[in-house]
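Trainee: Structure provided below as structure tokens; questions to follow.
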Amino acid sequence: MKRRFLFTAIIMAALALPQVLQAQNRVYMYDTGHPARPARYGQNYYGGTYFGLRFGINAAEVSSEASYLESSSPRGGLLAGIVLGQQLGPRIPVFLETGLLYSEKGGKSDYGGDFSYNLNYLEVPFNFKYMINFPGPGISVQPFMGPYLAYGVGGYVKDFNARQAYHSFGDAEDQFKRFDAGLKIGCGFSIQAFYAELNLNVGLANIGHDMFDETHNRGVSLTVGVNF
């Protein structure tokens, strides 16, 4: 009797094992009992989350109603940092991407001489990305738009004619406020872990001290990196 019972229990356990393993491989959201597939947009963003490294260049300028701050040509600068993206819903290919970036902006001016504005910021973006998948090994196009906040951490205004330099951020009329905020509009492209994007930066905060003649950052950025 015991042998028959043990034999029956073994058979039932063997039949139930595949079902148990299958249940363990499912991903459940909020313990509702409904399985949700991991999101795969570009790189395999399991659970709708990814982490990335970014490196790039800026072509920046200062747009100002004050002629002594208006850029006559753009200035090149570096861009580097980390980002974190989170899918906003299990059934929609929309992600919110934020992070921390070091961004060199500024511009060049020929007003009364030869000037260069070096404005270095720590920047926090809030980009809303729409992932469009294409056939292939993790290929996606990712148009995005969103605000950013930035704080000036260094830089110099250089007067090459007088061979003088002074800090870019300060309270003088020919210096700049540290706080900046604006809008980013662009599009990214990914193949597996590789990522590249081109975006337009539109500063909305007045970084000049004159409230009548407003001054803003402007520019474009080209960025490459990897996503995990």
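Trainee: Simple spin-label model, 7 Å along Cα-to-Cβ: Leu88 to Ile132 in nm?
Mentor: 1.7
Trainee: What does the extension gain come out to for Ala196 and Leu149, with contour length at 0.36 nm per residue minus their alpha carbon separation? Don't skip to the answer; put the middle values down first.
Mentor: Details: separation 47, 0.36 × 47 = 16.92 nm, distance 2.17 nm.
Here the segment from Ala196 to Leu149 would lengthen by 14.8 nm.
Trainee: Could you work out Rg/(2.2 N^0.38 Å) for the stretch 39-227, with Rg from alpha carbons only? Numbers along the way, then the final one.
Mentor: Values: Rg = 18.3 Å, N = 189, 2.2 N^0.38 = 16.1 Å.
Taking N as the residue count of the stretch 39-227, the ratio is 1.13.
Trainee: For Ala80, put the label point 7 Å out on the Cα→Cβ axis and report which residues of the stretch 144-172 keep their amide N under 18 Å from it.
Mentor: Within reach of a label on Ala80: 153-155.
Trainee: Neighbour counts of other C-beta atoms within 10 Å: give me Ser67, Ser72 arranged from fewest to most.
Mentor: So the ranking, lowest neighbour count to highest, is Ser67, Ser72.
Trainee: Can you pull the one-decimal nm distance between simple spin-label points at Val124 and Tyr111, each 7 Å off the Cα toward Cβ?
Mentor: With each label point 7 Å from Cα toward Cβ, the separation is 3.2 nm.
Trainee: While we're on this one: At a Förster distance of 30 Å, what's the computed FRET efficiency of Val141 paired with Arg178, Cβ-Cβ distance as r, to 0.05?
Mentor: Numbers: r = 35 Å, r/R0 = 1.18.
The formula returns an efficiency of 0.25 here.
Trainee: Fewest first, what order do Phe95, Phe194 take by the number of other Cβ atoms within 10 Å? Kindly include the intermediate steps, with their values, before the conclusion.
Mentor: Values: Phe95 25, Phe194 14.
Ranking Phe95, Phe194 by Cβ neighbours within 10 Å, fewest first, gives Phe194, Phe95.
All of the numbers you see were taken from the coordinates with simple rules; none came from a lab. This structure is a prediction, so every number in the text was calculated from the model and none was measured. When we count neighbours, we look across all protein chains shown, and the Cβ atoms used for this are built from the backbone with ideal geometry, even at glycine.
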